[in-house]
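First comes the structure, then the notes that go with it.
The values are calculated or read from the model by the stated rules, or taken from the named source; none is laboratory data. Everything numeric here is computed off the predicted structure, so don't read it as measured data. So basically every Cβ, Gly included, is an ideal-geometry build from the backbone, and we count neighbours across all protein chains shown. For accessibility, only protein heavy atoms count, side chains too; no ligands or nucleic acids. Shrake-Rupley method; radii C 1.70, N 1.55, O 1.52, S 1.80 Å.
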Amino acid sequence: MDKFLIEGGKPLYGTVAAESAKNSVLPLLAASVLTDAPVTIRSVPQISDVACMAQILKELGAKVTFRGGSVVIDSADAHSHSIASVLTRELRSSVFMLGSLLSRFGRAVCAYPGGCDIGLRPIDLHLNALKRLGVSIEERDGCIYCSCERLKGAEIVLDFPSVGATENILLAAVKAEGRTVIGGAAKEPEIVDLQNFLNAMGANVKGAGTDVIEIEGVKKLGGVCFTPVKDRIEAGSYLIACAICGGEIEVVGVKAEMLALLLHKLRENGCKIHTKNDKIRISSNAALKCNRRIETMPFPGFPTDLQAQITALNAGAEGGALIVENLFETRYKYVPELLKMGADIEVRGRSAFVRGVKRLHGASVVCRDLRGGAALVLAALGAEGRSEVLDLSHVDRGYAGLEEKFTKLGASIRRVRV
Ligand code: EPZ
């Protein structure tokens, strides 16, 4: 288990390029089994969630080769429709394999998906949608058994704009018989990326990025060579880091509209932000004001995946802030760790009441999930004195080369094997 040793208080200067989006690459990997032709995904981030998904594909019998920053998946010889429970427990994204396995094999078996411990994370929306497409589903001994003679297009309305459920439906519907319409679809940029990927394979999908997506089933899908959209959550994490530490950095690869609400909140904190094409420049004197209120919402609202990071910023700013987490039930596991650094935060249900303190101080803290872990790293970078951040396996799921990138920006951070 690795840990970071961080000497806080160094301002950040320089440029950082965002990686391809973790939450796009994962569904694209799942989509690769929809064809028996080779699929290439370029500039794949070196993060453990991608490695885990690649392993799941290998267990299906696909050949997966990482070469020069790309990954090539050849699933011509894929023979299994069942994904191993150990890996699926680790990775929430395994659940969208249901759609692609059903499309490929007419059957799919998947263990109840795991992933970050940030809430109940039910999959009722996924399963109800698959049933609308003609899938029969049996749940027993912690596994989900799906089968379907022929996937048939249908009108589907989602009670909640679930990202994963929208993606699962897309994967199941692209080769179904007839037309599928998803009402109340998620509008995240990663859904648009999946539409572009599937259409490049020969699918007929329209409307991604809006709440109505239409899919005309096609008979066959071909191979594709594709570069995913960049990671807006990684980019946002670096912008918040600079706000906390002070200095001036430019994040490259993500357009302002992908992070509109975060930029609005950072300006409210007192940061200067300039954007041009896919470049976002931020400067901060580290003497910030709290945001009065932040509510996480589906895209284009404030992203739940940046909630922990912006709370860490508010913990060391002037004034008070109310943070409301509307998507996940228990996404405040990082708060007790921030309290060790001198933060003054009270969590009540989905709300966190932050009273800003002058400056956090270094401490020994433990990561509990991916984004909460990132928030602890950001807090430590801005805190007075030395910190150690333990159990980096959570952070390594979604951030490639974190310590190298922060070191290049002037931070004092190093990884130590424990
Ligand atoms: C995706 O998770 C992302 N993961 C999450 O990022 C992100 O936080 C989330 O979307 C919201 O943006 C990937 O893309 C791999 P949801 P997902 O289905 O698909 C409820 C990260 O840190 N719900 O949109 O699991 C659910 O409980 C990760 O990178 C149901 O009730 O999210 C939650 O309250 C964490 N029934 C809400 O919807 C369902 O069948 C949002 O979930 C499905 C979801």
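Points to keep in mind about this one:
- Selection of region 369-418 for residues being within 16 Å of ALA315 (Cβ to Cβ) and at pLDDT below 95 yields an empty set.
- Long-range neighbours under 7 Å by Cβ, at least six apart or interchain, first residue in the same structural domain as ILE144 (by TED's automatic domain parsing) and modelled with pLDDT of 75 or more within region 113-129, second within 6 Å of the ligand (Cβ to nearest atom) and in a helix (DSSP H, G or I): LEU125/ALA165; HIS126/GLY164; HIS126/ALA165; ALA129/ALA165
- Of the candidates GLY106, GLY99, GLY69, the single residue that is more than 11 Å from the ligand (Cβ to nearest atom) and open to solvent by 20 Å² or more (accessible area, probe 1.4 Å) is GLY69.
- Listed conditions (1) more than 22 Å from the chain's Cα centre (by Cα); (2) not assigned by TED's automatic domain parsing to the domain that holds LYS405; (3) not acidic (Asp, Glu) are all met by ILE41, apart from (1).
- Residues of region 349-366 that turn out to be farther than 16 Å from ASN291 by Cα and over 25 Å from the mean Cα position of the chain (by Cα), as a count: 6
- Looking across region 142-163, just one residue is within 26 Å of the chain's Cα centre (by Cα), more than 15 Å from ASN128 (Cβ to Cβ) and part of a loop (DSSP other than H, G, I, E, B), and that is GLY142.
- For ARG121, the stated conditions hold: it is within 11 Å of the ligand (Cβ to nearest atom) and surrounded by fewer than 21 Cβ atoms within 10 Å (Cβ to Cβ).
- Taken over region 17-65, the residue count meeting the criterion of being open to solvent by 50 Å² or more (accessible area, probe 1.4 Å), touching a strand residue (DSSP E or B) at 6+ places or on another chain (Cβ under 6 Å) and within 16 Å of the ligand (Cβ to nearest atom) is 0.
- Filtering region 136-149 to residues that are surrounded by 10 or more Cβ atoms within 10 Å (Cβ to Cβ) and modelled with pLDDT of 90 or more leaves SER136, ILE137, GLU138, TYR145, CYS146, SER147, CYS148.
- Flag for ARG368 being surrounded by fewer than 24 Cβ atoms within 10 Å (Cβ to Cβ), under 19 Å from ALA286 (Cα atoms) and in the same structural domain as ARG331 (by TED's automatic domain parsing): no
- Selection count where residues are open to solvent by 60 Å² or more (accessible area, probe 1.4 Å) and not in a strand (DSSP E or B), scope region 350-365: 3
- Segments classed as helices (runs of 4 or more DSSP H), wholly inside region 172-282, with at least 2 members that are under 30 Å from ASN128 (Cβ atoms) and touching a Leu at 6+ places or on another chain (Cβ under 7 Å): 189-200, 232-245
- Taking the criterion of being away from the ligand (no atom under 11 Å from the Cβ) and either acidic (Asp, Glu) or open to solvent by less than 30 Å² (accessible area, probe 1.4 Å) (or both), the residues of region 289-301 that qualify are CYS290, ASN291, ILE294, GLU295.
- Of the helices (runs of 4 or more DSSP H) lying entirely inside region 41-105, those containing at least 1 residues that are closer than 26 Å to GLU404 by Cα and in contact with a Ser or Thr (Cβ under 8 Å, 6 or more places away or on another chain) are 48-59.
- Conditions (1) under 21 Å from CYS225 (Cα atoms); (2) of a type in the set (Gly, Ala, Ser); (3) touching a Phe, Trp or Tyr at 6+ places or on another chain (Cβ under 9 Å); number of the one not met by ALA76: (3)
- When each of GLU384, GLU337 is tested for being of a type in the set (Asp, Glu) and either open to solvent by 40 Å² or more (accessible area, probe 1.4 Å) or within 16 Å of the ligand (Cβ to nearest atom) (or both), the lone residue that passes is GLU384.
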